[in-house]
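*Asks:* Have a look at this one before I ask anything.
The values are calculated or read from the model by the stated rules, or taken from the named source; none is laboratory data. Everything quoted here is computed from the prediction, not taken from an experiment. Virtual Cβ from ideal backbone geometry, glycine too; neighbours counted across all protein chains shown. SASA here: full protein model, heavy atoms, side chains in, ligands and nucleic acids out. Shrake-Rupley method; radii C 1.70, N 1.55, O 1.52, S 1.80 Å.
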Amino acid sequence: MQKVNFSTVSEFVFVGLSDAPEIRLLLFVLFLLIYLATMAGNITLLVAISTDSHLHSPMYFFLSNLSLLDLLCPTITVPKMLGTLLLEHTEISFSGCLFQHFSLIAVVGTEIFLLTVMAYDRYVAVCHPLRYPSIVSMKLCAQLAVGTWAVGLLNSLLHTSLVFTLSFCGPNKIQQYYCDIPPVLALSCSSTRSRELVILVVAGVLGSGACVVTVVSYIYILLEILSRSSPGIWHKAFSTCGSHLTVVCLFYGTTICTYVRPSFTYSPHRDRVVSMLYGMLTPLLNPIIYSLRNKEVKCALRRVISQV
């Protein structure tokens, strides 16, 4: 059988965020501070959840998984971007680009499914509070967490195999600061239409399925709230679900704008800004949103900070 060389390109080159040296230094400092703040916030939240017995519950178990994903997401892309800004190391090997692409899609996909599981958790907590401990057991939590990571990895494996088995025999400049699907597809010298269709269908089915489960969960939560006439029910429900709903809207909005569209609508400058929203700001804001809206988390964080 004849061997097929899928790629004659041995490395890719990232197009920098700016060519002006003074702007690059400013961007380096800004993104470094954001990255360090993201690491500090999520690590602190993980430590608080793991060390405080009051937070050993299904909700905070899923939140710890979310914090872990928020640690991985910027770590996959930001260090290389900082090296590009400071040292002008814009090259990345073909295998390095493949690994970065696989890792990022796996983390993003896992986070989508994890947010869906967290929506179901909030539905049970609001609509079936008395049965909550028996329905959402720690065994079920572990199974759901493993399932979200497994589906995220398999989804990433499919997307990566579809993209990186194309032929790359011409330009190798990626119009982005990391290896993402649209800019890498734009460099292929073979037809990408059929693979784009598969990617859109798979992303559409999985993404819309996760979105439907989330929306239906919140519809049931809303109906449950409207059916009760107890005082303070709206405040209690918002304190229970407000943080998760805010994170869902922020994450879904930026992710859909980046991925769920055909490649001919790809705009390098606009998409760099959008990708930074979910790749850098969302992981930074998630621990802030949860800590500001949750009294138990705030108390646990105070204890951790006082111990430190």
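*Asks:* Residue by residue through segment 85-94, note down the ones that are surrounded by fewer than 23 Cβ atoms within 10 Å (Cβ to Cβ) and part of a helix (DSSP H, G or I). Please lay out each step first, then the result.
*Replies:* Step one: of segment 85-94, the residues surrounded by fewer than 23 Cβ atoms within 10 Å (Cβ to Cβ) are 86-94.
Residues satisfying the conditions are LEU86, LEU87, PHE94.
*Asks:* Here is a list: PHE62, PHE99, PHE113. Which entry is among the aromatic types (Phe, Trp, Tyr) and more than 19 Å from ASN286 (Cβ to Cβ)?
*Replies:* None of the other options fit; the residue is PHE99.
*Asks:* Further question: Please name all residue pairs, on different chains or six or more residues apart, with Cβ atoms under 6 Å, provided the first residue is in segment 162-185 and is closer than 19 Å to CYS73 by Cα and the second residue is hydroxyl-bearing (Ser, Thr, Tyr) and surrounded by 19 or more Cβ atoms within 10 Å (Cβ to Cβ).
*Replies:* TYR178/THR77
*Asks:* Quickly run through segment 18-72 and pick out the residues that are open to solvent by 50 Å² or more (accessible area, probe 1.4 Å), touching a residue at least 40 places away in the same chain (Cβ under 8 Å) and under 30 Å from PRO133 (Cα atoms).
*Replies:* VAL47, THR51, HIS54, PHE61
*Asks:* How many residues are open to solvent by less than 50 Å² (accessible area, probe 1.4 Å) and either without any contact (Cβ under 8 Å) to a residue 24 or more places away in the chain or under 17 Å from THR8 (Cα atoms) (or both) when one looks only at segment 143-161?
*Replies:* The total comes to 1.
*Asks:* Ok, one more. Among the residues of segment 200-220, is any in a loop (DSSP other than H, G, I, E, B) and modelled with pLDDT under 85? Show your work before the answer.
*Replies:* Step one: filter segment 200-220 for residues in a loop (DSSP other than H, G, I, E, B), giving none.
No, that holds for no residue.
*Asks:* Also, quick follow-up: I want to confirm something. Restricting to segment 117-131 and keeping residues that are without any contact (Cβ under 8 Å) to a residue 40 or more places away in the chain and either acidic (Asp, Glu) or surrounded by 12 or more Cβ atoms within 10 Å (Cβ to Cβ) (or both), which single residue is nearest to MET59 (Cα to Cα)? Before you say what the answer is, go through the steps one by one.
*Replies:* Start the filter on segment 117-131 by keeping residues that are without any contact (Cβ under 8 Å) to a residue 40 or more places away in the chain, which leaves 124, 128-131.
Those left that are additionally either acidic (Asp, Glu) or surrounded by 12 or more Cβ atoms within 10 Å (Cβ to Cβ) (or both): 124, 128.
Values: VAL124: 11, HIS128: 15 Å.
Restricting to residues being without any contact (Cβ under 8 Å) to a residue 40 or more places away in the chain and either acidic (Asp, Glu) or surrounded by 12 or more Cβ atoms within 10 Å (Cβ to Cβ) (or both), the top hit is VAL124.
*Asks:* OK, next. Only one of these conditions is not met by LEU114: (1) aliphatic (A, V, I, L, M); (2) over 27 Å from LYS295 (Cα atoms); (3) under 16 Å from the mean Cα position of the chain (by Cα). Which number is it?
*Replies:* (2)
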